[in-house]
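First comes the structure, then the notes that go with it.
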Amino acid sequence: MVLDNIENAGRYMVLGEGIAAAFQYIQQNDLKSVPAGKYVLDGDKLLMNVFEFEATNLDECKLEGHRKYIDLQYWVVGSELMGHEILDQQPVITPYNEETDCGFYKCLASYSRLDVGMFVIYFPTDLHTAVADPLCDGKVKKIVFKIRVA
């Protein structure tokens, strides 16, 4: 997992072409004007999901994990508390689904506050979830890039 501010994105360009392409998209586009929805940026190698929602508490004991895609999440408006844990031997709540590239696990998590201009990268060895930030007014716009693992 990597957690940082977009001003430091240059440090992480070496992590792969897909990650570099996602950072370039963030830096070269007015993300406030991109409508909510799903976008294909480079075939199945780089996808983008734009979410706009009112933050609500989620089940903080249920963390998701992926195998085929790395998540790069970036906050455009608002903030969330992101729970994270390293994938190990956690009990499975919902087995991994190849089609959705997602499985759910029961475990305790450490939480970090992600605010406007911040990003987090979750690799297939990272579990994660989102919980409403009590310091946020409820409005959140978040971009989730899905970067295909080679």
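Just so it is clear, none of the values below were taken in a lab; they were calculated from the coordinates. The shown structure was predicted, so the numbers you read here are calculated from the model rather than taken from an experiment. With ideal geometry, Cβ positions are generated from the backbone for all residues, glycine too; neighbour counts draw on all protein chains shown.
Taking a ≥ b ≥ c as the square roots of the eigenvalues of the Cα gyration tensor of segment 76-150, is the shape rounded (a/c under 1.5), prolate (a/b larger than b/c) or oblate?
Prolate shape, in that a/c is at least 1.5 and a/b is the bigger ratio.
In percent, how large is the relative contact order of segment 2-148, given Cα pairs closer than 8 Å and 6 or more residues apart?
Result for segment 2-148 is 36 percent.
I'd like the Karplus ³J(HN,Hα) series for segment 105-112: coefficients 6.51, -1.76, 1.60, θ = phi - 60°, whole numbers in Hz, and an x wherever there's a Gly or Pro.
10, 9, 6, 7, 10, 9, 10, 10
Counting only residues 5 or more places away or on other chains, whose amide H sits under 5 Å from the amide H of Cys102 once H atoms are built in the peptide plane?
Placed amide hydrogens put Asn97 under 5 Å from Cys102.
Take peptides 90-99, 70-79 and line them up by average Cβ neighbours within 10 Å, highest first, as a rough protection proxy.
Numbers: 90-99: 11.0, 70-79: 21.3.
Descending packing order for the listed peptides: 70-79, 90-99.
Please compute the Kirkwood hydrodynamic radius of the chain from all pairs of different C-alpha atoms, in Å with one decimal.
Values: mean 1/r = 0.0641 Å⁻¹.
Across the chain, the inverse of the average 1/r is 15.6 Å.
For Val149, what residues show an amide H to amide H distance below 5 Å, using hydrogens built from the backbone and excluding near sequence neighbours?
Long-range HN contacts for Val149: Tyr69, Ile70.
Taking the alpha-carbon distance from Lys38 and a cut-off under 17 Å, which aspartates and glutamates remain once sequence neighbours fewer than 8 residues away in the same chain are dropped?
Within the straight-line cut-off, Lys38 pairs with Asp30, Glu52, Asp71, Glu99, Asp101.
Distance from the Cα centre of segment 77-145 to that of segment 1-58, in angstrom?
15 Å
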